[in-house]
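Participant: The structure under discussion is supplied below as structure tokens; questions concerning it will follow.
The values are calculated or read from the model by the stated rules, or taken from the named source; none is laboratory data. These numbers come from a predicted model, not from an experiment. Note that each Cβ is placed from the backbone with ideal geometry, even for glycine, and that neighbours are counted across all protein chains shown. Note: accessible area is taken over every heavy atom of the protein model, side chains too, but ligands, DNA and RNA are not part of it. Shrake-Rupley method; radii C 1.70, N 1.55, O 1.52, S 1.80 Å.
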Amino acid sequence: VPYITLKMAMSIDSRIATKTYDSQWITGEEARHSSHFLRSKHDAILTGVGTVLADNPLLNTRISGLENRSPTRIILDTKLRIPIDAQIVSTATKHRTIIFTTVAAEETKKKQLKSRGVQIVTINGDKSGRVSLIEALIRIADRGINSILVECGGTLCTEFVKSNLIDEFLVYRAPIVLGGDGIAAVKGFGVSDLCGAPNFKQTGITRLGADPLESYKRQI
């Protein structure tokens, strides 16, 4: 499978949003610029439909001189809930866009998205019926994509962590505290013993204005 870098912006206490899901912008200007530069260094950027519904992102590179380095945009969307008027759909002819879905998606919606330049790939669901991460990553690799930047919410992040699929973890740490009723960066996934927790080694800390960028790599 491709090399996977998971990028998240979170508070000191590892929350990605307030209890009312307010999250823009949790980090400052320099951190956001760094995030766009990071996109330009990867073959693809991947997120779930939940992030598209919540934020309506473009997921491109918006740095002067690097606009043509925008990565392939990949969305995991089990039932094709992505709106036809989403920014990602309306710019699909400009930036290569692939949506992985399942047989639960309506054929009419598939045709609508394809007519707007979106590539639709129908694959198997996992045990819960959602798009199978492993199968999606294999199909992505088959398309010549070797590196993926994952920018997502807590649900998909948890699936990547739980499945031990992350090669590198990048944390933009905002110097704020959101509290226990904030939205957790990673949801519970049943770790009962410390020896069963996914293990990462810190490889660096870079200061970006008020926000440190922490980098970790998976312990083999």
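Participant: Got a number for residues in the range 192-204 being in a loop (DSSP other than H, G, I, E, B) and hydroxyl-bearing (Ser, Thr, Tyr)?
Facilitator: Number of matching residues: 1.
Participant: Something else about it: When you scan the range 15-37, how many residues do you find that are surrounded by 15 or more Cβ atoms within 10 Å (Cβ to Cβ), at pLDDT below 90 and under 18 Å from residue 214 (Cβ atoms)?
Facilitator: 9
Participant: Any idea which residue in the range 95-127 is modelled with the highest pLDDT, counting only those that are part of a loop (DSSP other than H, G, I, E, B) and open to solvent by 80 Å² or more (accessible area, probe 1.4 Å)?
Facilitator: Quick first cut of the range 95-127, residues part of a loop (DSSP other than H, G, I, E, B) only: 95-96, 102-106, 116-118, 123-124, 126-127.
The next check asks that each one be open to solvent by 80 Å² or more (accessible area, probe 1.4 Å); those that pass are 96, 103, 106, 116, 124, 127.
Numbers: 96: 94, 103: 92, 106: 94, 116: 97, 124: 84, 127: 84.
Filtering first and then ranking leaves 116.
Residue-by-condition table, conditions (1) within 27 Å of residue 87 (Cβ to Cβ); (2) not in a loop (DSSP other than H, G, I, E, B):
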site	(1), (2)
156	yes, yes
161	no, yes
176	no, no
190	no, no
206	no, yes
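Participant: Looking at the range 152-173 only, could you name the residues that are acidic (Asp, Glu) and over 15 Å from residue 51 (Cα atoms)?
Facilitator: Correct list: 167, 168.
Participant: Of these, 148, 138, which one is surrounded by fewer than 20 Cβ atoms within 10 Å (Cβ to Cβ) and not polar (S, T, N, Q)?
Facilitator: The unique qualifying residue is 138.
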